[in-house]
């Protein structure tokens, strides 16, 4: 094969250019592969049950996130005291009154650890509607929504609450005898809601969830 139309310097330049192009392409491909690996949704193992009316639903625990409600500087100090590498986590659409922290894997004990440093704070595990991190997030700011028998009068409702040492925060206008019952934040709210539903004395009971706003 003859290269009579190329001088030696020109031929070297062409070869170097082709080699550089291959290297750039390979580097870009590796970067894309690395980014895709980083963005791969995490999967979760631990699930919890809650009752949407009489429908049993599940949520999955994200052990690397914790939600802080009504965040303040003292709350941030408590989080970083418990987890030095903590950083804020960007939700898909910003919502007021909540700050989500990304932590090292905490096996689900972050809320309790942070609460011990800031007892006045409101912290909750972050849960997902599916078993992967790309599903919608939920958290538990506290309180339970309870649907009492529509036939009960106010006196009967108040008697029921008093007997069980519950406090009604407010009555909702979405139907007859629908109340918000005061509880602490976190899994306490979920446990109380499930217990109220399972004893069969109320029509429905579920946590007053915070839910991530998503676009369809």
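Values in this text are rule-based calculations from the coordinates and carry no lab data. This one's a predicted model, so the numbers in the text were calculated from it and none came from an experiment. Note: ideal-geometry Cβ built from the backbone for every residue, glycine included; neighbour counts use all protein chains shown.
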By per-residue mean of other Cβ atoms within 10 Å, what is the highest-first order of 52-62, 137-147?
137-147, 52-62
Using only alpha carbons, build the gyration tensor for the range 62-130 and give me the equivalent ellipsoid semi-axes, biggest first, whole Å.
17, 14, 11
Note down the relative contact order for the range 144-211 as a percent, whole number, built from C-alpha pairs under 8 angstrom at least six residues apart.
44
Fewest Cβ neighbours within 10 Å first, please rank 83, 48 accordingly.
48, 83
Stokes-Einstein at 37 °C, 0.692 mPa s, Kirkwood radius from Cα pairs: D for the range 144-211 in µm² s⁻¹?
273
